[in-house]
Amino acid sequence: MVFSEDIIKDICNKSGLLFDRAGDFESLSSKVYKETGRTIGITTLKRLFNYIQDDRKASEYTLNTIAIYLGFENWETYLKTINIDSEWGFSNDSIYPQELSLDDIVEIKYLNRVIEFIVVEFEGSKALKVSKAVNSSLLIGDIVFVHHLKVGENLVADKVFRNGLLGNYKTNGELSSVEVNP
């Protein structure tokens with residue numbers, strides 16, 4: 001089991017932690033113990049936050065402990081407060097490369113970095129080809145596959161092709177700007 005974004009957001013808000021470094025899980029474990037008197041292992045927390053890969057399910061004790069930490073009687077009560085209804089036609093500021101036209105230009109900015117992409121077709125799918133890279137480890141000519149781009153989120157590329165080699169990529173900062181120019 002891995003926590004949803006909503007659950008992680010609630011834990012971040014309560015704990016004041018960002019979970020962008022391994023030590024944050026030790027801090028959360030201590031905070032949970034101090035507030036609830038109950039323990040949760042650091043590895044268990046890393047698994048629930050998808051920081052490490054593990055298919056084991058969380059125990060009822062662990063889930064109830066998280067719920068108690070968040071101010072609820074138990075996990076079931078907590079889950080009832082989360083909006084789990086599906087929402088169709090919601091407003092979404094994301095840019096989906098698969099929906100763009102070939103040769104569209106996409107420029108992203110984050111931290112002190114600027115990357116410009118051209119929408120291309122690669123191996124039968126639309127992808128982003130780096131045409132400009134300032135202060136980035138991506139190189140001109142890299143072919144990047146991303147699900148979406150959104151201001152306030154990191155860019156995560158599951159696949160990056162560079163000179164016949166396959167890798168992946170994730171920005172170290174949230175995107176501050178995403179512009180599409182047809």
- Given 0.36 nm per residue, what is the gain on full extension from LYS80 to ILE52 after removing their alpha carbon distance, in nm? 7.4 nm
- Query: So if we plug the beta-carbon distance of SER177 and HIS147 into 1/(1 + (r/R0)^6) with R0 = 25 Å, what FRET efficiency do we get, rounded to 0.05?
  - Reply: 0.85
- Item | Kirkwood-based Rg to Rh ratio, segment 1-83, C-alpha trace | 0.91
- With the other protein chains left in place, how much accessible area per residue, in square angstrom, belongs to segment 61-182 at a 1.4 angstrom probe? 61
- In angstroms, what radius of gyration and Dmax does segment 71-171 have, counting Cα atoms only? 17.7, 55
- Just add up the charged neighbours of SER94: K/R +1, D/E -1, any other residue whose Cβ is under 13 Å from the Cβ of SER94. -2
- Given a Förster distance of 35 angstrom, what is the FRET efficiency for LYS31 paired with LYS170, based on the Cβ-Cβ distance and rounded to 0.05? 0.85
- Query: List the aspartates and glutamates whose alpha-carbon lies under 12 Å from that of LYS14, not counting same-chain residues fewer than 8 positions away?
  - Reply: GLU35
- Query: Under unit Cβ charges (Lys, Arg +1; Asp, Glu -1), what dipole magnitude, rounded to 20 debye, does segment 39-182 have relative to its Cα centre?
  - Reply: 580
- Per-pair calculated FRET efficiency, R0 = 35 Å: PHE122 and THR39 via Cβ, rounded to 0.05: 0.10
- Straight-line reach from LYS109: which lysines have Cα under 23 Å away, leaving out those fewer than 8 places along the same chain? LYS126, LYS129, LYS132, LYS150, LYS159, LYS170
- Message: I'm a student and want to see the number: the projected area of the Cα convex hull of the chain, averaged over all directions, in nm².
- Response: 12.6
- Query: What spacing in nm lies between the two simple spin-label points modelled at GLU73 and VAL134, each 7 Å away from Cα in the Cβ direction?
  - Reply: 5.7
- Item | Portion, in percent, of the accessible area of the chain that falls on carbon or sulfur, probe 1.4 Å | 47
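The values are calculated or read from the model by the stated rules, or taken from the named source; none is laboratory data. Because the structure is a prediction, the values reported are computed rather than measured. Note that each Cβ is placed from the backbone with ideal geometry, even for glycine, and that neighbours are counted across all protein chains shown. Note: areas computed on protein heavy atoms with side chains; ligands, DNA, RNA excluded. Shrake-Rupley method; radii C 1.70, N 1.55, O 1.52, S 1.80 Å.
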